[in-house]
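Data first, discussion second: the structure below is written as structure tokens.
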Amino acid sequence: MTLLHATTAVDSLSLLVFITIAALGTALLLGIAIAAFIQRRSQSYLLVVLAFGALFGRSVVAGVSMAGLLSPATHHHLEHGMDVVLVAVVVAAVYYARTMTEQSIQQ
């Protein structure tokens, strides 16, 4: 079984360019998020760091897969694992924001 979105070699220059841009962009955003978290040290900033970390992880998985270092099945599992992390972080961020809003209203 071959996954349509998982390649085992660098066979598409445009895909390599897109993955490189995505990795550089998410690495930059992750660095900024980490710096903000270190300065603010709040749960909301931690959730942002986790979200950008998961996005960066997706780019890393794609790049490693294109280099032929991951099987299509492993690529697929890791990719969907990052999706689960992203969803969990978004749900946690919404819950945290709602909890903080309710607490500020009650005070």
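Determine if segment 6-15 includes at least one residue that is touching a Leu at 6+ places or on another chain (Cβ under 8 Å), modelled with pLDDT under 90 and hydroxyl-bearing (Ser, Thr, Tyr).
yes
I'm trying to understand the selection: among the residues of segment 38-48, which are hydrophobic (A, V, I, L, M, F, W, C) and at pLDDT below 95?
Scanning segment 38-48 gives LEU46, LEU47, VAL48.
Every residue, every condition in (1) among the charged types (D, E, K, R); (2) assigned to a helix (DSSP H, G or I); (3) under 26 Å from ALA97 (Cα atoms); (4) touching a residue at least 12 places away in the same chain (Cβ under 8 Å), yes or no:
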{"residue": "ALA22", "(1), (2), (3), (4)": "no, yes, no, yes"}
{"residue": "THR26", "(1), (2), (3), (4)": "no, yes, yes, yes"}
{"residue": "ALA35", "(1), (2), (3), (4)": "no, yes, yes, no"}
{"residue": "LEU55", "(1), (2), (3), (4)": "no, yes, yes, yes"}
{"residue": "SER59", "(1), (2), (3), (4)": "no, yes, no, yes"}
{"residue": "HIS75", "(1), (2), (3), (4)": "no, yes, no, yes"}
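Among the residues of segment 56-69 satisfying the criterion of being out of contact with any His (no Cβ under 9 Å at 6 or more places or on another chain) and surrounded by 20 or more Cβ atoms within 10 Å (Cβ to Cβ), which is modelled with the lowest pLDDT?
MET66
The values are calculated or read from the model by the stated rules, or taken from the named source; none is laboratory data. Every value quoted in this text rests on a predicted model; they were computed, and no experiment measured them. Backbone-built Cβ (ideal geometry, glycine too); neighbour counts: all protein chains shown.
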